[in-house]
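The block underneath contains the structure these notes are about, expressed in C-alpha cells.
The values are calculated or read from the model by the stated rules, or taken from the named source; none is laboratory data. The structure presented is a predicted model; accordingly, all values stated were derived computationally and were not measured. In this analysis, Cβ positions are derived from the backbone assuming ideal geometry, glycine residues included, and neighbour counts consider all displayed protein chains. SASA here: full protein model, heavy atoms, side chains in, ligands and nucleic acids out. Shrake-Rupley method; radii C 1.70, N 1.55, O 1.52, S 1.80 Å.
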Amino acid sequence: MKDKMLKRALLRVAAVLLIAFGAAWYYGWVHPQYWFRNYEVNTIVTQQCDDLVAGCRFRLENHDYVLKSRGPVTTQAPVELVLSGKADKVSAEWAMAGMDMGSARYTLQRDGEGWRASTILPVCSQKRQDWQLTLNIDRNRVVLLTKSQR
C-alpha cells in the first residue's frame with residue numbers, strides 16, 4: 001500500500017516538474033541556446049549605424065573594424081555582412097528592441113583578411129525597420145543600431 005502511494009506521489013511530482021519545464025521552454029525562460037553561451041564579455045560597444053552599405057567603423061581593444069553589407073538591409077533578400085579587422089572568432093545576431101522573433105545567429109567565416117556571412121533578417125509582423133545587429137568578436141560585443149529598407 002505504501003509503495004503504491006509513494007509511486008503515485010512521485011508520478012505527481014514528475015508531472016508537475018514536466019509541466020513547469022514545458023511552460024518555461026514555451027515562454028523562452030529555458031532554451032538550449034542559452035545553456036552553452038559564454039557570458040564573459042570584455043567590452044560592450046553600442047553605436048548608431050543607419051547605413052550598413054556605407055559601412056560602420058568602430059574600435060575594440062586598440063584595433064579598428066569596419067562592418068559593411070554588400071547590399072541594402074532588407075527583409076526581402078539575404079544581407080551579406082563583411083567585417084574587416086583582427087579577430088579569432090566572430091558571430092552576428094539580428095534582433096529588434098522589445099521583440100522576441102527567435103534566434104537569427106550566424107557565424108562569420110574567415111575570408112582572406114576579413115570575415116563574411118550571408119544573413120537573413122527575422123520577419124517582423126509589425127513592419128518595423130529598426131534593427132540591432134549584435135557582433136560577438138572574440139570576447140567583445142558590439143551592438144549596431146541600424147535600419148532596414150522595405
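What to note about this one:
- Counting only residues that are farther than 14 Å from residue 131 by Cβ and either surrounded by 13 or more Cβ atoms within 10 Å (Cβ to Cβ) or touching a helix residue (DSSP H, G or I) at 6+ places or on another chain (Cβ under 9 Å) (or both), the range 85-101 holds 5 of them.
- Enumeration of residues in the range 119-135 that are loosely packed, with under 15 Cβ neighbours inside 10 Å and closer than 19 Å to residue 45 by Cβ: 130
- In the range 69-84, the qualifying residues are those that are under 17 Å from residue 132 (Cα atoms) and among the polar types (S, T, N, Q), and the one that is most open to solvent (accessible area, probe 1.4 Å) is 75.
- Conditions (1) closer than 15 Å to residue 93 by Cβ; (2) part of a loop (DSSP other than H, G, I, E, B); (3) at pLDDT 90 or above; number of the one not met by residue 67: (2)
- Selection from the range 102-118 of residues that are farther than 23 Å from residue 59 by Cβ and open to solvent by less than 30 Å² (accessible area, probe 1.4 Å): 104
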